[in-house]
Amino acid sequence: MSTFKAPKGTYDLTPPDSAIYLAVREAIAAPLKRSGYGYIETPGFEQVELFSRGVGESTDIVSKEMYTLTTRGGDELALRPEGTASVLRAALEANLHKAGNLPVKLWYSGSYYRYERPQAGRYRHFSQVGAEAIGTEDPALDAELIILAVDAYRSLGLKDFRLLLNSLGDKECRPAYREALQGFLRGLDLDEDTRRRIEINPLRVLDDKREAVQKQLVGAPMLRDHLCEACKAYHEEVRALLTAAGVAFVDDEKLVRGLDYYTRTTFEFVHGGLGSQSAVGGGGRYDGLSEMIGGPALPSVGWALGVDRTVLALKAEGIELDLPAATRVYAVPLGEEARKVVFGLVTELRRAGVATDFAFGGKGLKNAMKSANRSGARFALVAGERDLAEGVVQLKDLESGEQTGVALDAVVRELLAKQG
Ligand code: ATP
Ligand code: MG
């Protein structure tokens with residue numbers, strides 16, 4: 001061990017478990033890649049303003065969880081706490097929305113930072129794969145994104161997840177509802193912090209996890225009863241398209257989510273095996289965000305799925321992903337002369353697409369065979385001077401223990417054939 005440790009609330013991904021994270025990221029990205037989403041990458045930090053305006057001053061993310069810093073040059077930056085604001089900023093900056101092909105569909109994958117109280121499933125550095133469809137208002141687009149997330153979870157073998165669905169209304173109907181809700185909430189017996197929240201972001205109070213608060217919310221006005229006709233029709237179409245695609249959902253009229261920019265469709269995926277950090281992903285429509293960060297009106301929808309919690313969900317369901325072994329062939333030279341020939345074979349095998357590793361460090365046979373077994377390789381390729389003089393190498397099947405001599409010039413062909 002060194003004198004240093006990973007900072008509080010963070011952890012390292014190391015082999016062999018790191019392979020699971022890569023596979024999860026790939027599984028989430030795969031449905032997006034075959035649905036017209038292009039890859040986007042943005043910096044790990046942005047101007048603080050982008051998040052305070054785009055995510056909202058009243059959100060926990062901005063008010064409590066952001067890592068901010070002042071550069072030597074005096075710029076106020078923040079490590080990105082989420083992806084949507086950055087992706088929209090980048091799309092606007094590159095004028096992607098002007099290329100005449102809306103919606104602009106983008107996906108991303110990366111690290112996010114939030115100063116939170118670390119606990120199982122809640123970290124200060126975590127990773128998400130996300131998708132955004134920018135510039136089009138169409139219930140089929142909301143449905144598409146939700147279906148792609150469900151397909152990603154299903155492709156990983158996950159079963160114990162649920163989709164919670166709600167509509168948050170739009171600028172036509174939400175202001176009146178907000179007032180009605182505020183009127184109701186002001187009459188309740190609530191602490192100072194929550195009373196403040198009533199004035200800034202009353203919908204968030206519905207999301208309060210405390211039982212004493214939830215009890216008082218019985219009879220609160222619900223947005224569902226205040227949606228305008230356009231929002232109602234939009235939401236009905238999203239629901240119908242999901243149902244037609246065989247995607248089950250739970251209508252959750254209290255689902256408001258933490259970000260200020262959401263309008264209409266809002267959703268969250270929760271997993272049954274994760275205790276209190278149950279949200280594995282979430283998203284929604286954010287029709288006003290572009291204007292909030294100085295862009296034109298661009299109605300958009302997106303989601304972000306948490307990679308860390310998806311890995312925890314796999315563990316909770318006892319799912320072992322079918323990962324290809326990192327090493328297929330482990331090559332063991334016996335003696336100096338053999339080293340050169342075998343190392344050459346290793347390069348040839350790798351170039352032919354066979355995952356191969358080599359007994360580095362001049363290990364003896366016994367030690368090298370231990371390493372071969374530990375590497376997870378299916379075959380050990382062993383050759384000493386005598387074998388090479390005869391023009392063969394020994395190929396040992398580490399599963400059956402069977403060993404055969406293979407002609408030097410047939411090794412690559414033979415191992416490729418065994419790969420199927
Ligand atoms: P929560 O309610 O658990 O705080 P959130 O609403 O803040 O979640 P989002 O901003 O919607 O989460 O982010 C999308 C996903 O990213 C979450 O569903 C979760 O899987 C993951 N996520 C968010 N914050 C963290 C964190 N601190 N550690 C690990 N994963 C996280
Ligand atoms: Mg959070």
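Of note:
- Neighbours by Cβ (under 9 Å, 6+ apart or cross-chain): first from the stretch 297-319, farther than 16 Å from Gln119 by Cα; second β-branched (Val, Ile, Thr) and within 16 Å of ligand 2 (Cβ to nearest atom): Ser300/Thr84; Gly302/Thr84; Ala304/Thr84; Leu305/Val280
- Scanning the stretch 157-174 for residues that are open to solvent by less than 70 Å² (accessible area, probe 1.4 Å) and farther than 29 Å from His271 by Cβ gives Asp170, Cys173, Arg174.
- Among residues of the stretch 40-66 that are closer than 26 Å to Lys105 by Cα and small (Gly, Ala, Ser), those with a Cβ under 8 angstrom from a residue that is in a loop (DSSP other than H, G, I, E, B) and away from ligand 1 (no atom under 16 Å from the Cβ), sequence gap 6+ or separate chain, pair up as Gly54/Ile293.
- Considering residues of the stretch 106-117 that are within 16 Å of Leu79 (Cβ to Cβ) and within 10 Å of ligand 1 (Cβ to nearest atom) only, the residue nearest to the chain's Cα centre (by Cα): Tyr112
- Taking the criterion of being surrounded by fewer than 16 Cβ atoms within 10 Å (Cβ to Cβ) and aromatic (Phe, Trp, Tyr), the only residue of the stretch 326-348 that qualifies is Phe343.
- The number of residues in the stretch 118-141 that are within 16 Å of ligand 2 (Cβ to nearest atom) and among the β-branched types (Val, Ile, Thr) comes to 0.
- Residue pairs meeting the criteria (Cβ under 7 Å; at least 6 apart or on separate chains; first assigned by TED's automatic domain parsing to the domain that holds Asp151 and open to solvent by 60 Å² or more (accessible area, probe 1.4 Å), in the stretch 235-260; second acidic (Asp, Glu) and modelled with pLDDT of 95 or more): none
- The stretch 296-310, residues that are buried (at least 22 other Cβ atoms within 10 Å of the Cβ) and more than 26 Å from Cys231 (Cβ to Cβ): Gly306, Val307, Arg309, Thr310
- Any chance Lys340 is in a helix (DSSP H, G or I), away from ligand 2 (no atom under 16 Å from the Cβ) and in contact with a Pro (Cβ under 9 Å, 6 or more places away or on another chain): yes
- Output for the stretch 177-207, where each listed residue is of a type in the set (Gly, Ala, Ser) and surrounded by 13 or more Cβ atoms within 10 Å (Cβ to Cβ): Ala180
- Residues that are open to solvent by 20 Å² or more (accessible area, probe 1.4 Å), more than 13 Å from ligand 1 (Cβ to nearest atom) and more than 18 Å from the chain's Cα centre (by Cα), drawn from the stretch 118-146: Thr136, Glu137, Asp138, Ala140
- Which numbered condition Lys363 fails, given (1) at pLDDT 95 or above; (2) of a type in the set (Lys, Arg); (3) outside the structural domain of Gly281 (by TED's automatic domain parsing): (1)
- Candidates Ala372, Ala377, Ala355, Ala368: the one that is within 30 Å of Gln128 (Cβ to Cβ) and in contact (Cβ under 8 Å) with a residue 12 or more places away in the chain is Ala355.
- Pair list, Cβ < 6 Å and 6+ apart or interchain, from the stretch 206-217 residues that are touching a residue at least 40 places away in the same chain (Cβ under 8 Å) to residues that are assigned to a loop (DSSP other than H, G, I, E, B) and β-branched (Val, Ile, Thr): Leu206/Val256; Asp207/Val256
- Members of the stretch 1-25 that are aliphatic (A, V, I, L, M) and under 24 Å from Ser375 (Cα atoms): Met1, Leu13, Ala19, Ile20, Leu22, Ala23, Val24
- Gly9 meets the conditions (1) out of contact with any Asp or Glu (no Cβ under 9 Å at 6 or more places or on another chain); (2) open to solvent by less than 60 Å² (accessible area, probe 1.4 Å); (3) not charged (D, E, K, R) in every case but one. The failed one is (1).
- The set of residues from the stretch 98-117 being within 16 Å of ligand 2 (Cβ to nearest atom), surrounded by fewer than 19 Cβ atoms within 10 Å (Cβ to Cβ) and not hydroxyl-bearing (Ser, Thr, Tyr) comprises Glu116, Arg117.
The values are calculated or read from the model by the stated rules, or taken from the named source; none is laboratory data. Nothing here was measured: the structure is a model prediction, and the numbers come from that model. All Cβ positions, glycine included, derive from the backbone under ideal geometry; neighbour counts span all protein chains shown. Just so you know, the surface numbers come from the protein's heavy atoms only, side chains and all, with ligands and any DNA or RNA stripped out. Shrake-Rupley method; radii C 1.70, N 1.55, O 1.52, S 1.80 Å.
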